[in-house]
Each structure stands twice: as C-alpha cells, then as structure tokens.
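Engineer: Here's a structure for you.
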Amino acid sequence: MSAPQYNQGAAVWPILAMALGTFVLGLTEFSAMSMLPLIAESFSVTPSLAGNVISAYAIGVVIGAPLFMLLTNKTNRRTALIVFTAMILLGNGLSAIASSLTELVVYRVLSGLPHGAYFGTALLVASGMAPKGKRATYMSKVFAGLTIATIVGVPMATLVGQNMSWRVCMAIVAVLAFITMFLIYRLVPSSPVTNPTRLREEFGVLKNKLVWSISGIIFVGFGGVFCIYTYLADTIINVTETPEVTISIAMMMFGIGTTIGNLVISKLADHSPLATTGIALLCSVAIAIMYVFAAGNIWWLYVTVFLLGASVGLAAVIQSMLLDVSPTGHAMIGALVQCAFNTANAIGPWVGGALLASGATFNETGYASAMLFVGGFVMWALSYVQMRNRNLIPATN
C-alpha cells in the first residue's frame, strides 16, 4: 500500500500527524516528572534516586539527537520519522513493564534516543511543505503538539497515574506512538533528501565559540527549570500538603505559562533578543527563590509555577540567536539545542536530588534552581561580550 502524495489543500493532515508525534514526546518527557513519587513508591526507593529516571531520558536525547540526525542525513524524511516513532513505541512499551528501577532507567535512555531527531526531522518536513511566507507557521503547528502536551496531556497522565498506575501511562504513550507511526505512513508525503549537507559543514558549527556560549545558556540555565519541575509533585505532597489533584492543576499552570511565555517573550525578543534573554534570566532567578516561600500556599505556588513555565519561552529566542550567528550547519544547530535542553533536564534533577540527599526540603530545590539560572546568566554575559567584540549586537540591543 503506497502512501498518498502531498496535496497542498490537505496540508492540515500531515501537519496533524507530525504534531501528534511531538505531543507524544512531550507526554513521554514531562509526565514522568509528575509521577516520580509513584515510581519511587513502586520500587521502594527515595525520590532523589527515582530522579535518575528523568536524567536517563535526557541522556538518551543528548546521545540520540546528533547521532540520528547525522545517520539519517540522506534518508527519506518520512521513512526516518517512521523509524523514530517505532523507537518511541519500543522504549515506552518496555518502560511500562520494567521490573526494577535499573531496568526502567535503561529503557528511559532508549525512549529518549529518537526525541531530538524526530523534532528536527518533522520541522524540516513541515518547512519543505510550506508555501512561500508560511514556513514559520507550519513549523510552529508541528511544535504545538508539545505545548498541548504540557497543558492537557501531562495533567491527564498524572491523574491516570494516581488512579491506576504510572505503567498504564507509559503503555498509553506506546499506543499513541503506534498510531502516530501509522498516520505518518498514510498522511505525510514522501520527502526525499535532494541536497544533503556535508558532514564537515555540519560539524564546523562546533568550532564557533559563540555557538557554545549561547548554548550554555540552555545547558546550565534551563537546569533551573527542571530542578524545580522534577520535584514539584513531591513538594505539593510533602510541603504544601494539598490533595493529589492539585498536582495536575500545577502541571497545567506550568503548561499555560509555557504557552503564554512563548508568545510574550518572542514578541519582546523581536525588538531586542539579547536584552530580553538577559532580563528573563534574572527574573527567573527571582522566581526560583520565590518558589521556596510560595510552597506553603497552593495559590502562590500555582502563580510561581506559571511564571516558571513562562521562562521556557526563551527557548525559541535562543535557537533564533544560534541560527543568526551560524549561517550554515542548521541540522547540527537543531541537534545541539535538543542536546542542551536535555542536558539541562539531566543536570536539574541531579542537582536537586543532591540537595535533597543532603537533608534539604523539597521546596528548597528553589535555591539550587536559582544558582543554575545565575549560571545561565553568566553564559549570557559571555555571549554578550563575544557578540560585542564581533560587532554582532544590533542597535536595538
């Protein structure tokens, strides 16, 4: 059975198919964080030890993003997407039946391997399908699946986990991955790579010191987001001491904050991307410290988590800055951004877990988060100096 050819008037269907994939990836990555208490209880381990599940997924992304983007450099992109969704299916299916925490950690690494490559490939397909002047719109619609996952999917998965099992959630993700794989085969047009970039050109990006300092904002600074988010459920249970349903509400507030922050920060950054990034990082330091004291009241905690989610809006701004300072090797840039975010996703839970192991309370992970945001600001300052020395700062900055 051959897949249908692309029809411009029916572009919505292939876009929706690929957006379902980003929804699945968002659900895979973020729902595990809200279910850490359940995973810890299931294997009779401490929350800080269970946090290795989060770091394991991030490690998988860091390894898989550049590896699979480069390995599939000449592969038909629809075929690559089918392979990546099959890997998502396998990793989450095995996670659902893991018999020990060690097994689960291994399976989470496998689950993370296709994450960055799927994102990068799906965005390239959407870009290629777009009519003139609509490229950004098409790409944003594919990315919207992740946003919907943070607003709707993760809270629902949390409720399912609390009332059934975290294993059921991972099994559902595996089923959704299978559906995505079938829809991509049926709806996404064949997308042969007609002009593959040379590996030397892609790897040449890594020689640019400015690329590394800007990426460092994500590598270090965004660890502050995950340092808090990973242990948010534990904070609500042990510090705020409100019913479990408030965990789902808090996760929803984070997702809404991410969506609004993406819109607002992107608008501000249109006029002054560098200044917007620096100011947002300093605001994030204050939000992280605010979290320590807001944890005693669920309403203040909702506000703080909303603001923390809004800080994720910096993601698009930083990626745009990277593309501006590196006119070639954009596949490697995309992989590097995914590596940076998921390194932060590994660093944040590790730093928070180390603080908890030393005797800190769950809400005091806000202090560790603040330090990571400060580290991100230091990387921003280094980037600012380099850009000024290279005369790359526009007058608006």
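Engineer: Of all the residues that make up segment 286-320, how many are closer than 28 Å to Tyr384 by Cα and more than 18 Å from the chain's Cα centre (by Cα)?
Structural biologist: 5
Engineer: While we're here: Look at Met321 and say whether it is in contact (Cβ under 8 Å) with a residue 12 or more places away in the chain, among the aliphatic types (A, V, I, L, M), more than 20 Å from Tyr229 (Cα to Cα) and surrounded by fewer than 22 Cβ atoms within 10 Å (Cβ to Cβ).
Structural biologist: On the way: in contact (Cβ under 8 Å) with a residue 12 or more places away in the chain: yes; among the aliphatic types (A, V, I, L, M): yes; more than 20 Å from Tyr229 (Cα to Cα): yes; surrounded by fewer than 22 Cβ atoms within 10 Å (Cβ to Cβ): no.
Here the answer is no, as Met321 does not meet what is asked.
Engineer: Residue under question is Phe377, and the condition is that it be open to solvent by 50 Å² or more (accessible area, probe 1.4 Å) and modelled with pLDDT of 90 or more; does it hold? Steps first, please.
Structural biologist: Values: open to solvent by 50 Å² or more (accessible area, probe 1.4 Å): yes; modelled with pLDDT of 90 or more: yes.
Spelling it out, Phe377 is indeed open to solvent by 50 Å² or more (accessible area, probe 1.4 Å) and modelled with pLDDT of 90 or more.
Engineer: If you don't mind, there's one more thing I want to ask. Do we find a residue being open to solvent by 20 Å² or more (accessible area, probe 1.4 Å), within 16 Å of Leu110 (Cα to Cα) and modelled with pLDDT of 85 or more anywhere in segment 44-59? Lay out the reasoning, then the answer.
Structural biologist: Within segment 44-59, the subset open to solvent by 20 Å² or more (accessible area, probe 1.4 Å) is 44-49, 52, 59.
Next, only the ones that are within 16 Å of Leu110 (Cα to Cα) stay: 52, 59.
Filter again for modelled with pLDDT of 85 or more, leaving 52, 59.
Yes: segment 44-59 contains one or more residues that are open to solvent by 20 Å² or more (accessible area, probe 1.4 Å), within 16 Å of Leu110 (Cα to Cα) and modelled with pLDDT of 85 or more.
Engineer: For the subset of segment 281-297 comprising residues that are part of a helix (DSSP H, G or I) and open to solvent by 20 Å² or more (accessible area, probe 1.4 Å), which member is nearest to Trp380 (Cα to Cα)? Write out each step before concluding.
Structural biologist: First, the residues of segment 281-297 that are part of a helix (DSSP H, G or I): 281-294.
Narrowing the set further to residues that are open to solvent by 20 Å² or more (accessible area, probe 1.4 Å) leaves 282-283, 285-287, 289-290, 293.
Values: Leu282: 11, Cys283: 14, Val285: 14, Ala286: 17, Ile287: 18, Ile289: 20, Met290: 22, Phe293: 27 Å.
Among them, the one singled out is Leu282.
Engineer: Can you find a residue that is within 18 Å of Lys207 (Cβ to Cβ) and part of a loop (DSSP other than H, G, I, E, B) anywhere in segment 329-352?
Structural biologist: First, pick out the residues of segment 329-352 that are within 18 Å of Lys207 (Cβ to Cβ): 329-337, 339-340.
If we keep only those that are part of a loop (DSSP other than H, G, I, E, B) as well, we get 329.
Yes, segment 329-352 has at least one match.
Engineer: Mind checking which helices (runs of 4 or more DSSP H) fall wholly inside segment 156-267 and carry at least 2 residues that are surrounded by fewer than 18 Cβ atoms within 10 Å (Cβ to Cβ)? First the steps, then the outcome.
Structural biologist: Working: elements: 166-187, 199-204, 209-216, 223-229, 232-235.
Ranges flagged: 166-187, 199-204.
Engineer: Taking Ala96, is it within 26 Å of Ala250 (Cβ to Cβ) and of a type in the set (A, V, I, L, M, F, W, C)? Walk me through how you get there before you give the answer.
Structural biologist: Details: within 26 Å of Ala250 (Cβ to Cβ): yes; of a type in the set (A, V, I, L, M, F, W, C): yes.
Here the answer is yes, as Ala96 does meet what is asked.
Engineer: So Met332 ticks every box in (1) at pLDDT below 80; (2) over 21 Å from Pro66 (Cβ atoms); (3) buried (at least 21 other Cβ atoms within 10 Å of the Cβ) but one. Which box is left unticked?
Structural biologist: (2)
The values are calculated or read from the model by the stated rules, or taken from the named source; none is laboratory data. These figures come from a predicted structure and were not determined experimentally. Ideal geometry is used to build each Cβ from the backbone, glycine not excepted, and the neighbour counts take in all protein chains shown. These accessible areas exclude ligands, DNA and RNA; they are computed on the full protein's heavy atoms, side chains included. Shrake-Rupley method; radii C 1.70, N 1.55, O 1.52, S 1.80 Å.
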